[in-house]
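The values are calculated or read from the model by the stated rules, or taken from the named source; none is laboratory data. Quick caveat, the model's predicted, so the values are computed rather than measured. All Cβ positions, glycine included, derive from the backbone under ideal geometry; neighbour counts span all protein chains shown. The accessibility values were calculated without ligands, DNA or RNA, using every heavy atom of the protein model including side chains. Shrake-Rupley method; radii C 1.70, N 1.55, O 1.52, S 1.80 Å.
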Amino acid sequence: MLQTLTILYISMQIFAVLMAWPQLRKLYITKQSSSLSLTTWATWFASSLVTMAYAYSTNQLIWMSANIAWAVFYATMVIMIIRYRRQTVYEQVVNLFRMRFYLAVRRAPAADKPDHVGFFRKFRRRS
């Protein structure tokens, strides 16, 4: 049973990595990466490195091999996303931190129109 699962795991990992390569091809052809999240791809790359290190420490060579394939794919995606962005790497890092700060801090209501204006409008006299 374990041998069958091993063969199935190897087969599915090879198939999955091969099915992911058209993403790289599309990115290479269009040379536009603005719709791809650099944060997500970099996180997947880091995750595959950690998993690969864990697989190495537990002597799981098949698992480690699969993660090497994924790490190569994710690293290639990260490099191509950075390369095809219209911004420089510095601008991308600055925008990433601005976005993280923006999501972490709640926006204050706009100062030009107080909240009570709409409420009191119904009590005004009509001329």
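Among A104, A111, which is the only one that is among the small types (G, A, S), open to solvent by 90 Å² or more (accessible area, probe 1.4 Å) and either touching an Asp or Glu at 6+ places or on another chain (Cβ under 7 Å) or modelled with pLDDT under 65 (or both)? The match here is A111. For V50, the conditions (1) touching a Phe, Trp or Tyr at 6+ places or on another chain (Cβ under 6 Å); (2) at pLDDT 90 or above are fulfilled apart from (1).
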